[in-house]
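Comments concern the structure below.
Each value in this text was obtained by applying a stated rule to the coordinates, not by laboratory testing. Since we're looking at a predicted model, the values are computed, not measured. Don't worry about glycine lacking a Cβ; one is built from the backbone with ideal geometry, like all the others, and counts go over all protein chains shown.
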Amino acid sequence: MKTCKHFALILVFGLTFFPDTPAFATQAHGAPEGLYCHQFAHIFFMISMGVLIYWLRQRQLVRITGWRHIQYAALFFILWNLDAFTAHLLDEQLAVIATDRISLRDIRITAANSSEALIWLYYAVKLDHLLCVPALLFLYCGLKRLIKESETPLSRTARP
């Protein structure tokens, strides 16, 4: 267990203080077939999360804290997928955005029609981790809470 903690600490330290490779928040895809399948997957995931929210609310499971957290996770996953879909659309399908690396820390973003609003929209949608991380945290908290609530007093005392 200590080895795992040491590895995680070294990994976080290394990635924080010695980043050698650029980290792009939204992954780009090759040939059109891969992009179309990927975009369809975003749409399917959005619809699935919408159905999950509907199902949780119909069965009034959102009264239970764990399920309520999972509902919030589904909402953030919908927003994240919409965000990532838009980023792929601007970057790869419509090709209205061009990015140029100026230096290690600077990137120039230009829009095909020199639209400042489009540049800011693209910049905002590339920050998709601001939606994905809360979704994962809500999912983790919801599942953890459901597991905790499902344990019986007998199973709690049987743990080593």
Convex hull volume per residue in cubic angstrom - Cα atoms of segment 93-149
112 Å³
What whole number of Å gives the distance from the Cα centroid of segment 124-152 to the Cα centroid of segment 28-98?
15 Å
Could you give each residue of segment 44-60 its phi-based ³J(HN,Hα) in whole Hz, using Karplus coefficients 6.51, -1.76, 1.60 with θ = phi - 60°, and x for Gly or Pro?
4, 5, 4, 5, 4, 5, x, 5, 4, 4, 4, 4, 5, 6, 4, 8, 6
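In what sequence, highest mean first, do 45-55, 68-78, 100-110 appear when ranked by Cβ atoms within 10 angstrom? Mind dumping the intermediate values first?
Values: 45-55: 15.2, 68-78: 21.1, 100-110: 9.8.
The peptides rank, most packed first, as 68-78, 45-55, 100-110.
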